Amino acid sequence: MSLYDDFLTARDQLLADRTDYDGALARFAWPETTGREFNWALEHVDAAAGDPERGARLALWIVEEDGSEAKFTFAELSARSNRVAGWLQSSGVRRGDRVILMLANQVELWETILATMKLGAVLIPTTPMMGPADLRDRVERGNVRHVVVRSEDTTKFDEVPGAYGRIAVGDPVEGWLAYPDAGSDGDAFTAAFSPEGTTRAEDTLLLYFTSGTTASPKLVEHTHASYPVGHLSTMYWIGLQPGDVHLNVASPGWAKHAWSNVFAPWIAEACVLIVNVARFSAERLVAEITRCGATTFCAPPTVWRMLIQSDLGERPSSLREVVGAGEPLNPEVIAQVRARWGLTIRDGFGQTETSVQIANTPGQPLKEGSMGRPVPGFEVALLDPVSGEPAQEGEISLVLDPRPVGLMTGYHGDPEKTEVVMRDGYYRTGDVGSRDEQGYITYIGRADDVFKASDYRISPFELESVLITHPAVAEAAVVPSPDALRLAVPKAYVVLAAGHEPDRATALAILAHARENLAPYKRIRRLEFMELPKTVSGKIRRVELRGREAELHADPAAEPATEYRDVDFPELRL
């Protein structure tokens, strides 16, 4: 049997065990990938396209802001990507070449992903929000040979030196090759596509620059197995089934886009639904979920918070599964969506470095505040930060024997960093969690974010979850603030919901709310209203906030005018 046959067997077993967590754990096994040939685009997507029933299924549905839309079946995307692969090959793209792909949610994105995969080239997905400095770093560290970019973004590369091929998608750009219309039968696609050699499962497929929430971005290396096969776990978590319509809110260039806008839905042979709007609109999003009959919906916590601050209205009748990922999901958000829609958001945990590892899976009891349990194919240990031994609370780590397929090869070009995270038989995620008697894991925070105040260990996520239950709080980030007596105290940076003023009365209300709902040692002692610094992927950069605190409180006797302190409110001492 081929690796593809084993892949389908594993997929079909997970589909059969969709709501049977214990059965899935007992029966699922990763396909053996070492030393075997595998090209998911050629074998899976093209195989679906070649079957009359499967090929006719809708694979991609793009809804534009003006209401226009485009739909593509698996058969159509297979043919279009073959034509693009032939054109890219005639334009000099070869097996192993590194290709920056910097497009928006447009059909050319999916065509190029499949085409480069078929050619055996290496994709470096990149968000169009990147500027010249970031692009220079990616071209240099990624050893880039080609870039595929929207025409309006080509000027960013004027400041990026290098002898790389330039391909513009959109209007013609002088000095750039013009990406042709893959839907046409013109002369641009007369060159036949023929893969150069075979693709092996361990060949590099993706190089992802991480979002850099605590340090400079790392370069994560994935293979033709670790994402195309590894996301079997993500398909299982979301609860996808053949023929589903899956809407995922994620921007191209980040791993979550590949998770839920490419691999997981197409593994299940479901349709990827895209709603392209310039500015987020909760009403428009819910309306399109209803109109398009979306069955499964995934969004990061920021989007879920924006949704519950609007009028969610009635539950779209087609929706069966709703999930959240990207950052921990606060219990208050889960409760409000359940109250309004009668659906429970199922949280999941993974990284750019992996597919989903821990999740609340379909049909299983959910413990609010918990990320769930390890998904089939992943054995999770919590390691004590001092002894390195398994514990009930510690760093979330993956057992490497057997090694889960959905795990990166390592950090490209950085064997030392790879060795740090993969040692003593474990891959260490850098995140801290606790496990209860039933095996449910609760997120505590990034190892770098957890801090001590008055010798008590503080989880920022726990405090933030309380803060956002106050109606004035739209977002919050808690960091340690230097204190002469306690060494550090919890400080909250708060983004206010619409209709609330950043004044003393609001600060008092929020601090009082925290006082009522947190143990004394966890209370928020300082508060400041400010937009939160974020990565381009939308994750909060607490490292910047911690640096700001160090600067604000360089003089322990100083009291910055921008912050409110609990000691300044006599009402809180009653």
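If you compute Rg and Dmax of the Cα atoms in Å for the structure shown, which of (i) 28.5, 89; (ii) 27.4, 104; (iii) 24.2, 81 do you land on? Given (i) 28.5, 89; (ii) 27.4, 104; (iii) 24.2, 81, the calculated one carries the label (iii).
ARG320 sits among other residues whose Cβ lies under 15 Å from its own Cβ, and their net charge, with Lys and Arg +1 and Asp and Glu -1, is +2.
Against the chain, whose longest principal axis comes from its Cα atoms, helix 542-552 is set at around 40 degrees. With respect to the chain, whose longest principal axis is taken over its alpha-carbon atoms, helix 132-141 is tilted by about 60°. In the context of the full set of protein chains, the range 358-448 has a per residue accessible area of 43 Å² (1.4 Å probe).
Ranking HIS412, LEU135, PHE529 by how far each Cα lies toward the positive end of the dipole of the chain (charges on Cβ) leaves PHE529 at the top.
About its Cα centre, the dipole of the range 16-93 is roughly 260 debye, where the only charges are +1 on Lys and Arg Cβ and -1 on Asp and Glu Cβ. Farthest toward the positive end of the dipole of the chain, out of HIS470, MET1, GLY253, is the Cα of HIS470, where the dipole comes from beta carbon charges about the Cα centre. So for the chain: antiparallel DSSP bridges make up what percent, rounded to the nearest 5? DSSP beta bridges in the chain are roughly 60 percent antiparallel. Charges on Cβ only, +1 for Lys and Arg, -1 for Asp and Glu, centred on the Cα centroid of the range 265-424; of THR352, VAL399, GLY388, which one is farthest towards the dipole's positive end? Result: THR352.
Charged neighbours of SER194, selected by a Cβ distance under 15 Å, balance to +2 (K, R count +1; D, E count -1).
Per residue, the accessible area of the range 77-230 comes to 36 Å², computed with a 1.4 Å probe over protein heavy atoms only.
Would the range 224-271 count as rounded, prolate or oblate if I go by the C-alpha gyration tensor, calling it rounded below 1.5 in a/c and otherwise prolate when a/b exceeds b/c, oblate otherwise? Cα axes put the range 224-271 in the oblate bin. Solvent-accessible area assigned to carbon and sulfur over the chain amounts to 50 percent, based on a 1.4 Å probe. Calculated [222 nm] ellipticity per residue, helices only, for the chain: -7500 deg cm²/dmol; basis is -39500 (n - 2.57) per DSSP H run with n ≥ 4, divided by all residues, nearest 500. Helix 282-292 axis versus longest C-alpha principal axis of the chain: approximately 40°, rounded to the nearest ten. Computed on the chain, with alpha-carbon pairs under 8 angstrom and 6+ residues apart, the relative contact order is 11 percent.
Around the Cα centre of the chain, unit charges on the Cβ atoms of Lys, Arg, Asp and Glu (plus for the first two, minus for the last two) sum to a dipole of about 460 debye.
The values are calculated or read from the model by the stated rules, or taken from the named source; none is laboratory data. Because the structure is predicted, anything quoted here is derived from the model rather than measured. Note that each Cβ is placed from the backbone with ideal geometry, even for glycine, and that neighbours are counted across all protein chains shown. What goes into the accessible areas is simple: the full protein's heavy atoms, side chains included, and nothing from ligands, DNA or RNA. Shrake-Rupley method; radii C 1.70, N 1.55, O 1.52, S 1.80 Å.
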